[in-house]
Amino acid sequence: MIRGRFGEGMSEVMEQINASIGFDRRMAMQDIDGSVAHVTMLSERNIVSEADAAAIKDGLETIRGEIQSGTFEYSVALEDIHMNIEARLGELIGAASGRLHTARSRNDQVATSFRLWVRDAHDRALALLQQLIEVLVEQAAQNTATIMPGYTHLQSAQPVSFGHHLMAYVEMFGRDHGRLRDSRDRMNEAPLGAAALAGTSFPIDRERTAELLGFARPMHNSLDAVSDRDFALEYLSAAALCMTHLSRLAEEIVLWMSPQFNFIELSDAWTTGSSIMPQKRNPDAAELVRGKTGRVHGSLFGLLTVMKALPLTFSKDMQEDKERTFDGADTLELCLKATVGMIGDMTARPAQMRAAAGAAHATATDLADWLTRELGMPFREAHHITGRLVRLADERGRDLAELTLDEMKEVDERINEGVLAVLGVEDSVTSRRSLGGTSPECVAREVEAWRARIEHLHVK
């Protein structure tokens with residue numbers, strides 16, 4: 001706590017609202033890393049003696065060990081993790097500890113620690129997204145020829161490959177990976193050395209501290225350096241969109257596991273039972289992923305609201321950045337791990353998928369395409385004739401593919417036996433060979449392309 005000009009202590013409530021040690025202790029390792037880099041630079045620039053710098057670094061490493069072993073004692077009265085570490089350093093090495101804060105403010109210290117933590121969160125999420133892409137690609141590889149219904153409005157539309165359906169999520173999560181990688185690249189600048197808001201008169205080397213901390217460069221405006229939280233907002237924005245994709249996949253898992261669909265199985269590892277209905281297997285992991293999406297969305301909008309009207313530079317409002325970001329990162333990582341587990345565990349039920357794919361006149365579009373391609377009809381006329389054939393099939397209680405050639409000729413005498421080759425669901429799926437199409441051949445190509453891309457995905 002810094003109370004130099006104050007004669008009285010703060011109230012108990014003020015101490016409670018002001019303290020952040022309950023949550024910002026999570027940045028302890030990043031704070032120590034930042035301090036080690038700072039004092040290393042101070043020593044190299046002859047601002048602090050080598051002896052004092054060595055004592056400070058030894059003390060900081062002792063504190064690191066205490067925190068890692070769980071023996072470090074935190075004090076709410078000391079407000080935050082930065083002051084807790086500084087106070088303990090004083091206990092360990094005495095007056096030399098006071099030199100650590102030379103040419104540094106708590107503003108740039110906090111900004112550096114938080115930025116390092118968020119950079120680490122990017123790396124964890126990128127690694128998990130790569131795992132998720134890998135398991136989806138491998139499931140798709142096993143199901144290139146597994147036929148399922150494709151849906152619009154959750155109504156059966158056209159048959160597709162189950163592998164093709166899974167590869168759609170690979171594309172989504174690939175974009176999420178790209179967004180996080182771009183965000184990491186953009187945030188990889190060091191605020192350390194900006195001091196309170198205006199820089200410092202000491203002859204520091206900001207390029208050196210940036211290098212020591214693995215940053216690409218120092219930030220170039222001291223006001224922006226201490227007040228910027230775009231890096232947390234970008235992380236949460238990418239996390240929120242990724243959670244939206246996870247939620248969509250989770251919803252499909254819930255549907256596919258229901259008896260009405262019965263498309264997949266999940267083992268006991270990813271399901272739960274009912275307290276009263278012994279026959280049930282509930283997809284709780286998927287439901288929780290779906291439900292937790294709101295937490296990350298809330299974290300993003302909460303921090304956007306905190307930042308929306310703050311003048312430059314630092315205001316205490318910005319203490320509210322960390323809990324939201326921590327919770328958003330925890331939630332994203334947990335849901336990514338759960339989804340990796342579910343997709344790796346998932347077993348398709350091809351027979352049930354195939355039966356559902358053949359229902360509800362799923363090859364009607366193939367018929368309309370055939371009428372256009374083979375008989376030269378304008379597509380709107382072909383669409384109209386196909387609709388009449390669908391109505392005829394409904395009236396006779398059969399699927400479109402079960403109508404005889406003579407019955408189809410009742411609707412339009414130009415129809416010939418060639419139509420019979422396009423009404424099967426396998427024929428429909430196989431015929432969709434255009435780029436991005438659902439044919440097994442196309443899906444297999446995309447699987448191989450993504451296997452090659454995965455090798456080049458990188459965290460840093």
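The values are calculated or read from the model by the stated rules, or taken from the named source; none is laboratory data. Keep in mind it's a predicted model, so treat the numbers as computed, not measured. Quick reminder, even Gly has a Cβ in these numbers, built from the backbone with ideal geometry, and neighbours come from all protein chains shown. Surface accessibility is based on the protein's heavy atoms, side chains included, excluding ligands, DNA and RNA. Shrake-Rupley method; radii C 1.70, N 1.55, O 1.52, S 1.80 Å.
Cross-link partners of Lys57 among aspartates and glutamates, defined as those whose alpha carbon lies under 19 angstrom from its own and excluding same-chain residues fewer than eight positions apart: Asp31, Asp33, Glu44, Glu66, Glu86, Glu91, Asp205, Glu211. Applying the Karplus relation 6.51 cos²θ - 1.76 cosθ + 1.60 with θ = phi - 60° to region 335-346 yields 3J(HN,Hα) values of 5, 5, 4, 5, 6, 4, x, 5, 5, x, 8, 5 Hz, where x marks Gly and Pro.
For region 397-403, 3J(HN,Hα) computed residue by residue from phi via the Karplus equation (6.51, -1.76, 1.60; θ = phi - 60°) reads x, 10, 7, 3, 5, 8, 5 Hz, glycine and proline entered as x.
Under 5 Å between amide hydrogens, built in the peptide plane, is the criterion, and for Gly150 it picks out Ala157, Gln158, Val160 among residues at least 5 positions away or on other chains.
Under a model in which nothing but the beta-carbon of Lys, Arg (+1) and Asp, Glu (-1) is charged, region 224-342 shows a dipole of about 300 debye around its Cα centre.
Of the residues Phe379, Gly90, Val422, the one whose Cα sits farthest towards the positive end of the charge dipole of the chain is Gly90 (charges of +1 on Lys and Arg Cβ, -1 on Asp and Glu Cβ, taken about the Cα centre). The magnitude of the dipole of region 367-434, with charges of +1 and -1 set on the Cβ of Lys/Arg and Asp/Glu and taken from the Cα centre, is near 300 debye. Each Lys and Arg Cβ is given +1 and each Asp and Glu Cβ -1; about its Cα centre, the chain then shows a dipole of about 500 debye.
Ordered by solvent-accessible area of protein heavy atoms (1.4 Å probe), largest first, the residues Ser69, Ser183 come out as Ser69, Ser183. Since only Thr244, Pro149, Leu405 are under comparison, the one whose Cα sits farthest along the positive direction of the charge dipole of the chain, derived from C-beta charges on Lys, Arg, Asp and Glu, is Thr244. Applying D = kT/(6 pi eta Rh) to region 361-456, where Rh is the Kirkwood radius over alpha-carbon pairs, T corresponds to 20 °C and eta to 1.002 mPa s, the Stokes-Einstein value obtained is 146 µm²/s.
For the chain, the longest principal axis of the alpha carbon atoms and the long axis of helix 162-187 meet at an angle near 20°. Going 7 Å from the Cα of Glu426 toward and past its Cβ, which residues in region 137-151 have a backbone nitrogen under 19 Å from where you end up? Residues 142-150 fall inside that zone. Our coupling estimate for region 219-230, obtained by passing each phi through the Karplus curve with A = 6.51, B = -1.76, C = 1.60 and θ = phi - 60°, is 6, 9, 9, 5, 5, 5, 4, 8, 9, 6, 10, 4 Hz, Gly and Pro reported as x. Based on the alpha-carbon gyration tensor of the chain and its eigenvalue square roots a ≥ b ≥ c, which shape applies: rounded if a/c is under 1.5, prolate if not and a/b is larger than b/c, or oblate? Because a/c hits 1.5 or more and a/b exceeds b/c, the chain counts as prolate.
Largest to smallest in accessible area, the residues His220, His384 fall in the order His220, His384 (1.4 Å probe, all protein chains included). Comparing Phe301, Pro350, Cys335 along the charge dipole axis of region 295-352, the residue lying farthest to the positive side is Pro350, per the Cβ-charge model. Note: relative contact order over region 12-102, using C-alpha pairs below 8 Å and six or more positions apart, is 42 percent.
Below 8 Å between Cα atoms, with a sequence gap of 6+, how large is the relative contact order for region 194-271 in percent?
Working: 33 pairs, mean separation 16.8, N = 78.
Across region 194-271, relative contact order equals 22 percent.
The distance between label points at Ala444 and Asp230 comes to 4.7 nm (points 7 Å beyond Cα on the Cα→Cβ vector). As a calculated quantity, the FRET efficiency between Asp205 and Glu66 at R0 = 30 Å, using C-beta atoms, amounts to about 0.50.
Using 1/(1 + (r/R0)^6) with R0 = 30 angstrom and r between the beta carbons of Phe23 and Thr272, what's the FRET efficiency to the nearest 0.05? Display every interim value, and only then the final one.
Values: r = 31 Å, r/R0 = 1.02.
In this case the efficiency is close to 0.45.
For region 12-102, what is Rg from Cα atoms divided by 2.2 N^0.38 Å, rounded to two decimals?
1.11
Once the Cα-Cα distance is subtracted from the 0.36 nm per residue extended length, the Gln260 to Ser49 segment shows a gain of 68.6 nm. Not counting the cut sites, what is the longest span of the chain without GluC sites (Glu not before Pro) that DSSP labels loop and that have at most 10 other Cβ atoms within 10 Å? That gives 74-412 as the longest site-free run. When only Cα pairs below 8 angstrom with a gap of at least 6 residues are kept, the chain shows a relative contact order of 18 percent. Computed from the C-beta positions of Asp317 and Arg175 and an R0 of 35 Å, the FRET efficiency is 0.60 to the nearest 0.05. Take the Cα of Asp406, step 7 Å toward its Cβ, do the same at Glu374, and the gap between the two points is 2.0 nm.
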